[in-house]
Amino acid sequence: MAGVKIPSTLPYDKTSAASIFDYSKGLLDKTLRDFVWDGYEVKSGKGGLGQMVENIYFFLETNSNPASDFSEAGLELKCTPLKKGKNEKYLIKERLSCSMINYCEVVHEDFEHSHFFLKCQLMLILFYLHQANINKLDLKYIFSVLWQLPEKDLLIIRHDYEVIIDKIKKGKAHELSEGDTMYLGACRKGQKGDSMMEQPYSEIGAPRRAFSLKMAYMRTILEYVQSSGKNAVSNVPSIKSELVESKSLLEHSFEDIILERFSPYLKMDYNTIAKKKNIDLSNNPKSKFSMISNAIVASEKCPNVNRSEEFIKAGLTMKTIRVQANGIIKEAMSFENIDYIEISECDEWLDSRLYELFSSRFMFVVYKEQNTGKEDYILDNVFFWTMPQDDLDFAEIYWKDIREKVLSNHISEAYWWKASDKKKFHVRPKAQKATDLAPTIDGKGAKKFCYWFNNDYVREIVENYQSK
């Protein structure tokens with residue numbers, strides 16, 4: 001029998017999200033093959049797995065109804081893959097795609113009536129272990145969580161939604177980027193070369209995109225599930241120090257609130273700011289500009305804003321930049337070490353860790369020297385930034401070059417892009433012990449190298465912002 005075999009009595013209450021969630025636990029540590037009947041046709045495509053879980057385990061017929069999957073309980077079912085990292089730790093493999101963006105329709109929907117909001121306020125998320133080239137029936141399910149988007153997160157997501165819609169209304173759907181927003185992204189769907197979609201206020205075609213919860217946000221969900229156990233139900237409390245309260249987000253965007261905190265200190269020299277914020281610079285700490293910037297943003301709430309609740313969930317990063325009096329930026333900008341295992345196993349740019357890093361949003365805090373060699377830096381500017389698509393396209397070439405070198409075991413200074421090549425990005429180590437090795441796919445390990453922005457690329461970013 002190829003259709004759905006619906007029992008006379010469902011093993012859960014279809015009007016109760018709690019009942020559906022409790023029933024979902026019976027799939028954990030099992031595969032769909034444990035429940036499938038003879039003659040069931042395996043579904044193809046990425047969305048096929050969700051349909052199979054609906055059919056085989058929950059006895060739901062596949063349909064194109066815009067309502068949530070368990071409409072009587074107001075609950076949407078989502079299946080999302082995990083992968084195993086170092087020490088067999090479970091990691092998020094990809095962002096969670098929520099609903100396709102129809103550019104011509106979404107411009108007529110407010111947030112509360114949007115397809116995303118109506119379907120995804122409350123979700124049953126099933127995490128399964130991704131395994132390449134395996135029948136979908138044999139994938140194992142690891143965690144289940146009943147996830148209600150917290151009120152504060154919804155306020156940030158609502159602003160994200162409005163940012164995306166505003167860009168579409170300006171005829172710029174083709175310029176959308178996941179870095180435009182914090183928690184809710186407009187992620188690319190399909191492959192390069194796919195036909196473009198029509199957008200309402202421009203004749204330029206736009207790539208297919210979907211509303212999605214970003215990988216950084218999904219990591220916080222996974223972190224909650226792992227810390228709470230497989231029986232957890234959640235409208236999740238803050239898991240890190242928060243920078244902004246919900247009531248503030250009712251009137252202002254997160255970015256506007258943060259920028260306003262810097263406003264009283266603009267054009268003030270860093271020593272004066274340090275005194276006002278009770279920061280001891282007597283030992284001339286190397287991280288003094290980061291310490292000052294953190295103090296302005298978070299006061300005593302969080303010693304490192306990059307580890308705050310909002311920054312973690314958004315994948316947002318604060319970076320300080322020092323501009324010399326002659327306009328030159330002496331230092332390049334470093335990022336994390338290259339994960340050789342990840343880059344070996346990931347063959348899609350859009351799924352790569354580097355794409356996530358470079359397509360994320362940044363907050364740049366700029367200090368400018370007033371007199372050459374005097375170290376008299378003032379707080380000159382603060383702005384949020386997203387890498388332009390042209391630069392992201394070039395970053396893909398950078399990533400492919402790194403991946404080729406890693407796969408061919410050419411992991412050394414002799415092979416990487418160098419800063420002197422003037423290619424915006426380069427590879428080199430951070431200051432560390434030369435004996436430190438990072439794992440490689442062959443098990444031998446290799447010297448640690450990390451991703452960098454060239455200093456002239458950082459200067460280009462600052463000057464482009466100032467010219468606006």
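The values are calculated or read from the model by the stated rules, or taken from the named source; none is laboratory data. All of these numbers come straight from a predicted model, not from anything done at the bench. Glycine gets a Cβ as well: all are built from the backbone with ideal geometry, and neighbour counts include every protein chain shown. Note: areas computed on protein heavy atoms with side chains; ligands, DNA, RNA excluded. Shrake-Rupley method; radii C 1.70, N 1.55, O 1.52, S 1.80 Å.
Out of the GluC sites (Glu not before Pro) in segment 1-108, which ones are loop residues according to DSSP with at most 16 other C-beta atoms within 10 Å?
Answer by residue number: GLU41, GLU61.
Hey, what's segment 36-156 come to in accessible area per residue, 1.4 Å probe, Å²?
Per-residue accessible area for segment 36-156 comes out at 45 Å².
Translational D (Stokes-Einstein, µm²/s) of segment 1-134 at 20 °C and 1.002 mPa s when Rh comes from the Kirkwood sum over C-alpha pairs?
My calculation gives 130 µm²/s for D.
Bin all alpha-carbon pair distances of the chain at 10 Å intervals from 0 and give each bin's fraction as a whole percent.
P(r) for the chain, in whole percents per bin: 4, 17, 27, 27, 17, 6, 2, 0, 0.
Before I look further, what does segment 236-382 give for accessible area per residue, probe 1.4 Å, in whole square angstrom? Please list the in-between numbers first.
Numbers: 6970 Å² over 147 residues.
For segment 236-382, the solvent-accessible area averages 47 Å² per residue.
My understanding is that a pair violates if its Cα-Cα distance is over 31 Å; which of LYS167/LYS275; LYS43/LYS214; LYS46/LYS423; LYS214/LYS400; LYS319/LYS448 do that in this structure?
LYS167/LYS275; LYS46/LYS423
Compute the angle between helix 288-298 and the longest alpha-carbon principal axis of the chain, please, reported from 0 to 90 degrees and rounded to the nearest 10.
50
Label 7 Å along Cα→Cβ of LYS5; segment 56-76 residues with amide nitrogen under 18 Å?
56-62
Could you list the residues of segment 30-52 with an amide nitrogen less than 16 Å from a label point located 7 Å from the Cα of ASP194 in the Cα-to-C-beta direction?
Within reach of a label on ASP194: 44-49.
At 7 Å along Cα-to-Cβ for each site, give me the label-to-label distance between GLU404 and GLU105 in nm.
Placing both labels 7 Å beyond Cα along the Cβ direction yields 4.2 nm.
So which GluC sites (Glu not before Pro) in segment 292-325 pass both tests, a DSSP loop state and at most 10 other Cβ atoms within 10 Å of the Cβ?
Details: sites: GLU300, GLU309, GLU310; in loops: GLU300.
Here the GluC sites (Glu not before Pro) that fit, given the DSSP loop and packing criteria, are GLU300.
Of ASN133, HIS113, LEU154, whose Cα points farthest to the positive end of the dipole of segment 108-170 (charges on the beta-carbon: +1 Lys, Arg; -1 Asp, Glu; origin at the Cα centre)?
ASN133
Full extension from LYS140 to GLU245: what is 0.36 nm times the residue separation minus their Cα-Cα distance, to one decimal in nm?
33.9 nm
Hey, rough spin-label estimate for SER344 and LYS277, points 7 angstrom out along Cα→Cβ, what's it come to in nanometres?
My value for the distance between the label points is 4.2 nm.
Calculate what fraction, in whole %, of the accessible area of the chain sits on carbon and sulfur atoms when a 1.4 Å probe is rolled over the protein chains.
Reported share for carbon and sulfur atoms: 46 percent.
If you count, for each residue, the other Cβ atoms within 10 Å and average over each peptide, how do 134-146, 362-374 line up from highest to lowest?
On the way: 134-146: 17.8, 362-374: 16.2.
In decreasing order of mean packing, 134-146, 362-374 become 134-146, 362-374.
So if I place +1 on the C-beta of Lys and Arg and -1 on the C-beta of Asp and Glu, and nothing else carries charge, what would the dipole magnitude of segment 251-396 be about its Cα centre? I want it in debye, nearest 20. All intermediate terms of the calculation are to be shown ahead of the outcome.
Working: 17 positive and 26 negative charges, 255 e Å.
I would put it at about 1220 debye.
How big is segment 256-392 in terms of Cα radius of gyration and Dmax, in angstroms?
Rg, Dmax (Cα atoms, Å): 16.8, 50.
Could you list the trypsin sites (Lys or Arg not before Pro) in segment 303-343 that lie in coil according to DSSP, counting only those with at most 12 other Cβ atoms within 10 Å of their Cβ? Can you show the working numbers first?
Details: sites: ARG307, LYS313, LYS319, ARG322, LYS330; in loops: LYS330.
Loop-located and lightly packed - LYS330.
Would you work out which of TYR340, ILE296, PRO7 lies farthest towards the positive end of the dipole of the chain, given +1 charges on the beta-carbon of Lys and Arg and -1 on that of Asp and Glu, about the Cα centre?
Positive-most Cα among the choices belongs to TYR340.
In degrees from 0 to 90, rounded to the nearest 10, what is the angle of the helix 455-467 Cα long axis to the longest principal axis of the chain?
Tilt of helix 455-467: around 90 degrees.
Taking just the alpha-carbon atoms of segment 324-417, what radius of gyration and Dmax come out, in angstrom?
17.2, 49
For LYS86 and ASP29, calculate 0.36 nm times their separation in residues minus their Cα-Cα distance, and state this gained length in nm to one decimal.
18.4 nm is the gain from fully extending LYS86 to ASP29.
For every other residue with a beta carbon closer than 12 angstrom to the beta carbon of SER68, add +1 if it is Lys or Arg and -1 if Asp or Glu, then tell me the sum. Walk me through the intermediate numbers first.
Values: positive: LYS14, LYS78, LYS119; negative: GLU54, ASP69, GLU72, GLU76.
With Lys, Arg at +1 and Asp, Glu at -1, the net is -1.
Once label points are set 7 Å from the Cα along Cα→Cβ at both HIS252 and ASN455, what is their separation, rounded to one decimal in nm?
Calculated label separation equals 3.5 nm.
How large is Rg over Rh for segment 130-182, taking Rg from the Cα atoms and Rh as the Kirkwood inverse mean of 1/r across Cα pairs? Can you show the working numbers first?
On the way: Rg = 17.6 Å, Rh = 14.5 Å.
A ratio of 1.21.
Run the paramagnetic zone check for VAL42: 7 angstrom along Cα to Cβ, then residues of segment 74-95 with backbone nitrogen under 19 Å.
79-82, by backbone N distance to the label point.
May I ask you to work out the translational diffusion coefficient for segment 58-170 at 37 °C, viscosity 0.692 mPa s, via Stokes-Einstein with Rh from the Kirkwood sum over Cα pairs, reported in whole µm²/s?
Using the Kirkwood radius from Cα pairs, D works out to 203 µm²/s.
Using only helices, what value at 222 nm comes out for the chain when you add -39,500 (n - 2.57) per DSSP H run of length 4 or more and divide by the total residues, to the nearest 500 deg cm²/dmol?
Helices in the chain give a 222 nm mean residue ellipticity of -8500 deg cm²/dmol.
Enter the angle in degrees (range 0 to 90, nearest 10) between the Cα long axis of helix 151-169 and the first principal axis of the Cα atoms of the chain, meaning the one along which they spread out most.
Compared with the principal axis, the helix lies near 80 degrees.
Taking H as built 1.01 Å from N, whose amide H comes closer than 5 Å to the amide H of CYS98, not counting residues under 5 places away?
For CYS98, whose amide H was placed from the backbone, the distant partners under 5 Å are PHE211, SER212, LEU213.
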